[in-house]
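Asks: The structure under discussion is supplied below as structure tokens; questions concerning it will follow.
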Amino acid sequence: MNETLLFDKLKELGFNTYEAKVYVALLKHHPSTGYEISKESGVPQARAYDTLKSLQNANIVVANGDKPVTYTPISPEDLLNTRERNYLDCIGYLRTTLPNLSKGETSEPVSILQGIEPIINKAREMIRHSKQTIFMELWREEAELLRDELVDAYHRGVLIRIVGFDGCALPGIEVFNHGHTHDVKQVPGERWFALAVDDREGMVGRFTPEQVRDVLMSRNLCIVAVIRKLVVHDICMLQVEKDFSEELANRYGENMKFFMREMFSHDLVSSN
């Protein structure tokens with residue numbers, strides 16, 4: 001058992017460090033005296049008694065008899081049920097009350113995430129919380145990092161539409177691979193990334209060989225809609241090019257491929 005993680009989770013429920021240690025020690029050995037609890041928990045004896053008093057006042061610990069007084073914790077089930085009820089009551093009250101304090105519409109902020117780890121972690125979080133749709137454009141490198149979350153979302157029934165670059169592939173998920181990977185890059189090694197989830201949150205940006213990795217992130221519905229429409233547009237154009245490649249070649253001649261690459265890449269590039 002990872003006790004550090006256990007104490008951290010108890011602190012998220014409102015315990016301080018000593019309270020978390022004393023409660024866990026009591027669960028292991030009860031009833032116990034203050035001296036025994038101090039020894040088991042590693043909390044200094046003087047602080048152990050203060051902590052036990054605090055836990056008594058919070059109805060988490062019960063004192064039994066006297067000379068010497070022993071202490072017994074309430075069960076984990078009772079603790080968690082009480083905290084859950086209180087938390088839900090608090091959330092319900094705030095959901096009702098806070099919107100009434102707002103004067104008019106609040107604008108959704110736009111923020112910048114930098115660095116591969118924060119970007120990928122945020123993308124994982126967004127995908128894990130998806131309920132209806134995921135629209136993405138990404139390269140093979142990022143697809144590998146997000147594979148587990150995307151496959152899990154697919155199995156949860158989330159509609160996933162992906163434009164992939166550089167041979168991007170995901171198990172069971174249809175990927176519309178962009179055939180003009182090299183023309184989409186402004187510079188060698190640059191990669192494009194876009195994600196829109198449930199029409200409520202989006203991120204878009206780039207990764208470069210110089211380790212410039214930044215994305216714009218927002219819950220602004222207009223920005224999210226633009227990202228989604230970008231993906232839809234690219235999928236439509238890729239499918240048209242696939243189904244009517246001969247007709248398009250006849251219409252636009254030998255330069256048709258160049259024209260398509262220029263028109264449907266995200267960054268217009270010069271013809272070298």
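Asks: Taking 51 Å as R0, compute the FRET efficiency from the Cβ-Cβ separation of LEU159 and THR17 and round it to 0.05.
Replies: Calculated transfer efficiency: 0.70.
Asks: Cross-link list LYS21/LYS131; LYS9/LYS131; LYS28/LYS67; LYS28/LYS122; LYS9/LYS39; LYS11/LYS39: which exceed 31 angstrom alpha carbon to alpha carbon?
Replies: On the way: LYS21/LYS131 38 Å; LYS9/LYS131 26 Å; LYS28/LYS67 22 Å; LYS28/LYS122 38 Å; LYS9/LYS39 23 Å; LYS11/LYS39 21 Å.
Those over the limit are LYS21/LYS131; LYS28/LYS122.
Asks: Compute the label zone of ARG85 within the stretch 6-21: residues whose backbone N is under 13 Å from the point 7 Å along Cα-to-Cβ.
Replies: none
Asks: Which order do the peptides 194-201, 220-227 come out in when sorted by mean C-beta neighbours inside 10 angstrom, highest first? Write out the running numbers ahead of the final one.
Replies: Values: 194-201: 21.6, 220-227: 16.0.
In descending order of packing, they fall as 194-201, 220-227.
Asks: Any idea which of TYR35, ILE60, LEU5 is furthest toward the positive side of the dipole for the stretch 3-77, if Lys and Arg beta-carbons carry +1 and Asp and Glu beta-carbons -1?
Replies: Result: TYR35.
Here, each number is a calculation from the coordinates, and none is a lab measurement. Model, not experiment: these values are computed from the prediction. So basically every Cβ, Gly included, is an ideal-geometry build from the backbone, and we count neighbours across all protein chains shown.
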